[in-house]
Amino acid sequence: MRRHPFVSESHEGSPAFEWIVLGVVACCTLLAVLRHQMAATIIISVAAIVLGLLRIILRQRSPWKVRSVGFDAFISICWGIGLLSTFFSVCLLL
């Protein structure tokens, strides 16, 4: 008999930490609506990079778990760097 893989189950991650991340995203959304796009972009990018580093440092004790440590860290860090580089490259074009 094959076991079904766990995805977003109660034993993964920390709901309180996930609410904090949601709060950061909501604040960045509000900043972007108020025409502070640079601040919103920097905050959300730094948050993504910190989440990736936190996942690497804490490994299985990390409050932020989606998949494997490598996948989570790669996606978070690359998304943060990619968002920053895209934002600033567009600013250079304007």
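The values are calculated or read from the model by the stated rules, or taken from the named source; none is laboratory data. What you are looking at is a predicted structure, and each value in this text was computed from that prediction instead of being measured. No Cβ is skipped: glycine too gets one built from the backbone with ideal geometry, and neighbour counts run over all protein chains shown. Quick note on the areas: whole protein, heavy atoms, side chains included, nothing else; ligands and nucleic acids left out. Shrake-Rupley method; radii C 1.70, N 1.55, O 1.52, S 1.80 Å.
Residues that are touching a residue at least 40 places away in the same chain (Cβ under 8 Å) and either of a type in the set (Gly, Ala, Ser) or under 15 Å from GLU18 (Cβ atoms) (or both) within the stretch 63-88 comprise PRO63, TRP64, LYS65, VAL66, listed in sequence order. Taken as a whole, the structure leaves ILE49 outside the set of residues that are open to solvent by 80 Å² or more (accessible area, probe 1.4 Å), in contact with a Ser or Thr (Cβ under 8 Å, 6 or more places away or on another chain) and either at pLDDT 95 or above or of a type in the set (A, V, I, L, M, F, W, C) (or both). Of the residues making up the stretch 1-46, those that are open to solvent by 50 Å² or more (accessible area, probe 1.4 Å), in a loop (DSSP other than H, G, I, E, B) and modelled with pLDDT under 90 are MET1, ARG2, ARG3, HIS4, PRO5, PHE6, VAL7, SER8, GLU9, SER10, HIS11.
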